[in-house]
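Inspection log for the structure reproduced underneath, given as structure tokens.
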Amino acid sequence: MHELPEAVRAYQKTQVFTDKTTPGMMKNDHRVRSGVWAKLVVQKGEVVFEIPERNETITVTADSPAIIEPVVMHRILPQAGARFYLEYYR
């Protein structure tokens, strides 16, 4: 799993999502813009983070946030009872 570059700074944070409130576009293949990084932070439960082009599937928990690289196609699949948010960096 990648780490955030030292030079980037947080500029936005989403609301807290659950398995029932996660927008459909997050569950389908999508990407963040060039130059933008994101951190997937789980507060409760598990969220499956998939990167199809790399054939990677990562289970994200409160103890292990996931870093989302710029322009890398991915999807976010919250499991039942999960609570999470995204922080954006540039």
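The values are calculated or read from the model by the stated rules, or taken from the named source; none is laboratory data. Just so it is clear, the model here is predicted, and its values are computed rather than measured. All Cβ positions, even for glycine, are placed from backbone atoms using ideal geometry, and neighbour counts span all protein chains on display.
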Which residues, counting only those in region 1-27, are surrounded by 11 or more Cβ atoms within 10 Å (Cβ to Cβ) and over 17 Å from Ile67 (Cβ atoms)? Val16, Phe17, Thr18, Asp19, Thr22, Pro23, Lys27
Taking only pairs six or more apart or across chains, which ones have beta-carbon atoms under 9 Å, a first residue in region 50-71 that is touching a residue at least 24 places away in the same chain (Cβ under 8 Å) and under 14 Å from Ala38 (Cα atoms), and a second residue that is among the hydroxyl-bearing types (Ser, Thr, Tyr) and in a loop (DSSP other than H, G, I, E, B)? Pro70/Ser34; Val71/Ser34
Using the structure shown, decide if Met26 is farther than 18 Å from Arg90 by Cβ and at pLDDT below 95. no
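Scan Thr59, Thr21 and give me the residue that is of a type outside the set (A, V, I, L, M, F, W, C) and either within 14 Å of Arg75 (Cβ to Cβ) or in a helix (DSSP H, G or I) (or both).
Exactly one of Thr59, Thr21 is of a type outside the set (A, V, I, L, M, F, W, C) and either within 14 Å of Arg75 (Cβ to Cβ) or in a helix (DSSP H, G or I) (or both), namely Thr59.
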Hey, Gly35 at pLDDT 95 or above, over 25 Å from Ala7 (Cβ atoms), of a type outside the set (A, V, I, L, M, F, W, C) and not in a strand (DSSP E or B) or not: no
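Just a yes or no: is a residue in region 66-74 at pLDDT 95 or above, touching a Pro at 6+ places or on another chain (Cβ under 9 Å) and surrounded by fewer than 17 Cβ atoms within 10 Å (Cβ to Cβ)? Give the steps one after another, and end with the answer.
As a first pass, look at region 66-74 and keep what is at pLDDT 95 or above: 66-74.
Going one step further and asking which of them are touching a Pro at 6+ places or on another chain (Cβ under 9 Å), we end up with 73-74.
From what is left, the residues that are surrounded by fewer than 17 Cβ atoms within 10 Å (Cβ to Cβ) are 73.
Taking every residue of region 66-74 in turn, at least one turns out to be at pLDDT 95 or above, touching a Pro at 6+ places or on another chain (Cβ under 9 Å) and surrounded by fewer than 17 Cβ atoms within 10 Å (Cβ to Cβ).
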